[in-house]
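Each remark here refers to the structure printed beneath this line.
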Amino acid sequence: MTGHIDIGDLQPGDILLYRGTSIISKAIQFFDGKPVSHASVYLGDGQIGEAVAHGLVERDWQTSFGSAEGVRAYRLADLPDDLGPVLGRARHYLDQGNRYGYEQLLLLAILCTTR
């Protein structure tokens, strides 16, 4: 992975990691022991693919970054010539629009508190 990437230099396939400020974000950070709580993929043309409360969505970067304390972008050091298959798979999941799995998070939280 490479170092710092400016917003204007994002490329399709870049991975974005967020430090959120919501209660859910803080809980994820606590249970995971990491400073980030959310991840997304940059799709190109200012659009982000991510899972939010109501499901998988495509949003502009301003909306996506709006509620984050910080966002870091990462890029593979050795990019393949064609990221089409990766972006195609991301588009496939976004088109399905599945909702967020709160039940799994709740179950994980319960399991973590019993250990």
In a Gaussian network model of the chain with springs linking alpha carbons closer than 10 Å, the residue among Ala53, Ala68, Ala27 that fluctuates most is Ala53
Simple spin-label estimate for Asp78/Asn98, 7 Å along Cα→Cβ, in nm, reads 3.0
Over the chain, with neighbouring protein chains present, the accessible area per residue in Å² at probe 1.4 Å is 66
Largest-first ranking of Arg75, Arg99, Arg89 by accessible area, probe 1.4 Å, whole protein assembly kept, is Arg99, Arg89, Arg75
For Gly20, the residues 5 or more places away or on another chain with a placed amide H closer than 5 Å to its own amide H are Ser37, His38, Glu69
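Of all accessible surface on the chain at a 1.4 Å probe, what whole percent is carbon and sulfur?
Values: 4370 of 7620 Å².
The C+S portion of the solvent-accessible surface of the chain is 57 percent.
The values are calculated or read from the model by the stated rules, or taken from the named source; none is laboratory data. Predicted model only: the values in this text are computed from it and were never measured. All Cβ positions, glycine included, derive from the backbone under ideal geometry; neighbour counts span all protein chains shown. Accessible surface is based on the protein model in full, side chains and every heavy atom, while ligands, DNA and RNA are left aside. Shrake-Rupley method; radii C 1.70, N 1.55, O 1.52, S 1.80 Å.
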